[in-house]
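Remarks on the structure that follows.
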Amino acid sequence: STEQALLMAKELEQQDGRLPKSIKDGKLETSDCYWWCSGFFPGELWYLYENNPTPELKKYAGLFTERLEKVQHVTDNHDVGFMLYCSYGNGYRLTQNPAYKDVLVTGAGSLSTRFNPMIKAIRSWDFTNNGKWQYPVIIDNMMNLELLFAATRLSGDSTFYKVAVSHVDRTMKEQYRPDGSCYHVVDYSMKDGSVRNRHTAQGYAHESAWSRGQAWGIYGLTLCYRETGDRKYLDQALKAVRFMFNHKNTPEDLVFYWDMDAPNIPNDYRDASAAACIASALYEISTVDVPEPQTYKAYADRIMESLASPTYRAELGTNGNFLLMHCVGSIPHNGEIDVPLNYADYYFLEALKRKRDIEQKGSKGC
Ligand code: GLY
């Protein structure tokens with residue numbers, strides 16, 4: 001994977017400010033730093049550097065991380081957490097560069113401007129879906145909380161922590177169904193904070209279970225348990241895990257269909273990104289105080305075995321130098337269907353690191 005990432009890095013080195021996104025019409029598709037996925041490639045380079053600390057990997061990890069510097073001032077959407085934590089967060093963890101710390105704390109401040117104390121949650125999108133929504137919060141937002149927890153640790157300012165806890169509490173209450181699955185979008189009233197709609201944007205139907213949404217929820221709840229020690233987040237994560245692994249449509253190789261209720265199962269698209277993100281969360285769950293932790297590790301190992309097989313793992317020199325094939329961005333928007341996506345690669349490498357740490361060091365690894 002280092003060779004593939006370095007080929008990608010060298011291809012983009014001279015393209016000012018550009019970051020890899022996916023493949024379109026057989027060609028590498030790139031973005032600027034404001035696309036929500038801009039932090040994943042720098043994050044991958046940091047994971048590769050952690051495993052193999054060469055000056056070359058460090059140089060490219062720093063170069064692509066610093067392409068996101070302006071993101072710290074973004075206040076018009078919630079993705080600042082994804083973007084900065086994967087890039088600057090990993091960079092700071094591995095280098096202790098004080099400039100990176102400042103970016104993380106400023107970015108957390110920008111993200112916190114989207115918190116509404118009456119609604120008790122961070123607004124995900126300004127987009128209102130042609131006036132259908134007033135204050136849309138999507139399950140993906142759980143991932144952005146990691147930046148807020150980190151910013152409290154780095155700055156000593158507990159405001160970020162409080163915003164994160166308020167957001168996860170409201171999300172757990174409003175976004176989860178009794179069966180352990182979650183809605184993609186919850187729309188709140190700006191007048192009184194009540195729930196107006198429970199919808200989907202990227203899933204098959206409002207009442208279906210969009211697989212990547214389930215992944216964001218499982219991973220997000222697990223990180224909230226890690227950061228707060230509050231067991232209720234872990235219990236909800238375990239319920240969501242049971243939903244995914246006991247579902248009648250869970251495929252044998254554990255690389256989920258793009259939606260658990262997708263209409264053409266078993267002849268429907270898989271989403272390797274959802275599987276990779278869930279695998280990473282499961283490794284973390286297998287290191288905490290849960291009954292039968294080995295079950296979670298075994299699920300994660302099975303996902304990783306599938307993703308590492310030729311069915312999903314691209315050979316060197318193919319797939320635009322992305323690591324994994326067969327991901328889905330958004331079928332309802334007819335975008336990024338059965339393509340590589342940089343976040344699948346990011347969570348795949350993170351999961352590999354966690355697996356390695358667990359297997360090398362015993363039970364503590366995340
Ligand atoms: N956060 C957007 C997505 O998962 O597609």
Out of the range 113-147, which residues are within 16 Å of the ligand (Cβ to nearest atom), touching a Ser or Thr at 6+ places or on another chain (Cβ under 9 Å) and closer than 17 Å to TYR34 by Cβ?
ARG114, ASP140, ASN144
Among the residues of the range 127-160, the number that are open to solvent by 40 Å² or more (accessible area, probe 1.4 Å) and under 20 Å from the mean Cα position of the chain (by Cα) is 0
What tally of residues in the range 167-182 results from selecting those that are open to solvent by less than 30 Å² (accessible area, probe 1.4 Å) and either more than 21 Å from ALA240 (Cβ to Cβ) or in contact (Cβ under 8 Å) with a residue 40 or more places away in the chain (or both)?
8
Of all residues making up the range 316-366, the number that are of a type in the set (Asp, Glu), within 30 Å of VAL290 (Cα to Cα) and touching a Gly at 6+ places or on another chain (Cβ under 6 Å):
1
Complete set of residues in the range 72-108 that are surrounded by fewer than 23 Cβ atoms within 10 Å (Cβ to Cβ) and either basic (Lys, Arg) or within 16 Å of the ligand (Cβ to nearest atom) (or both)
VAL74, ASP76, ASN77, ARG93, LYS101
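Residues to consider are GLY203, GLY193, GLY220; find the one that is in contact with a Gly (Cβ under 7 Å, 6 or more places away or on another chain) and open to solvent by less than 10 Å² (accessible area, probe 1.4 Å). Before the answer, list the steps.
Working: GLY193 fails: in contact with a Gly (Cβ under 7 Å, 6 or more places away or on another chain); GLY220 fails: in contact with a Gly (Cβ under 7 Å, 6 or more places away or on another chain).
Every option except GLY203 fails the conditions.
In this structure, does LEU316 turn out to be more than 15 Å from the ligand (Cβ to nearest atom), of a type in the set (A, V, I, L, M, F, W, C) and surrounded by 24 or more Cβ atoms within 10 Å (Cβ to Cβ)?
Numbers: more than 15 Å from the ligand (Cβ to nearest atom): yes; of a type in the set (A, V, I, L, M, F, W, C): yes; surrounded by 24 or more Cβ atoms within 10 Å (Cβ to Cβ): no.
No, not satisfied.
Which residues, counting only those in the range 240-252, are part of a helix (DSSP H, G or I) and crowded, with 17+ Cβ neighbours inside 10 Å?
Step one: filter the range 240-252 for residues part of a helix (DSSP H, G or I), giving 240-245.
Result: ALA240, VAL241, PHE243, MET244.
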Tell me yes or no: at least one residue of the range 174-195 is touching a strand residue (DSSP E or B) at 6+ places or on another chain (Cβ under 8 Å), among the aromatic types (Phe, Trp, Tyr) and under 23 Å from ALA274 (Cα atoms).
yes
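Quick grid of which residues meet (1) under 27 Å from ASP140 (Cα atoms); (2) touching a His at 6+ places or on another chain (Cβ under 7 Å); (3) open to solvent by 60 Å² or more (accessible area, probe 1.4 Å):
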| position | (1), (2), (3) |
| --- | --- |
| ASP16 | no, no, yes |
| LEU19 | yes, no, no |
| ILE23 | yes, no, no |
| SER31 | yes, no, no |
| TRP35 | yes, no, yes |
| GLU56 | no, no, yes |
| GLY62 | yes, no, no |
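What number of residues within the range 6-47 are among the small types (Gly, Ala, Ser) and either in a helix (DSSP H, G or I) or without any contact (Cβ under 8 Å) to a residue 40 or more places away in the chain (or both)?
The number of residues fulfilling the criteria is 4.
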Scope the range 288-303; condition open to solvent by 10 Å² or more (accessible area, probe 1.4 Å), under 19 Å from LYS353 (Cβ atoms) and not basic (Lys, Arg); matching residues:
VAL288, PRO293, TYR296, ALA298, TYR299, ASP301
Across (1) touching a strand residue (DSSP E or B) at 6+ places or on another chain (Cβ under 8 Å); (2) within 20 Å of GLY213 (Cβ to Cβ); (3) open to solvent by less than 60 Å² (accessible area, probe 1.4 Å), ASP338 clears everything bar (3)
Qualifying residues in the range 186-211 (those that are in contact with a His (Cβ under 9 Å, 6 or more places away or on another chain) and outside any loop (DSSP other than H, G, I, E, B)) - the one nearest to the ligand (Cβ to nearest atom)
TRP210
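The values are calculated or read from the model by the stated rules, or taken from the named source; none is laboratory data. Predicted, not measured: the structure shown is a model, and the values here were computed from it. Reconstructed Cβ throughout: ideal geometry from the backbone, glycine too, with neighbour counts over all protein chains shown. Heads up: the accessible areas ignore ligands, DNA and RNA and are worked out on the full protein's heavy atoms, side chains in. Shrake-Rupley method; radii C 1.70, N 1.55, O 1.52, S 1.80 Å.
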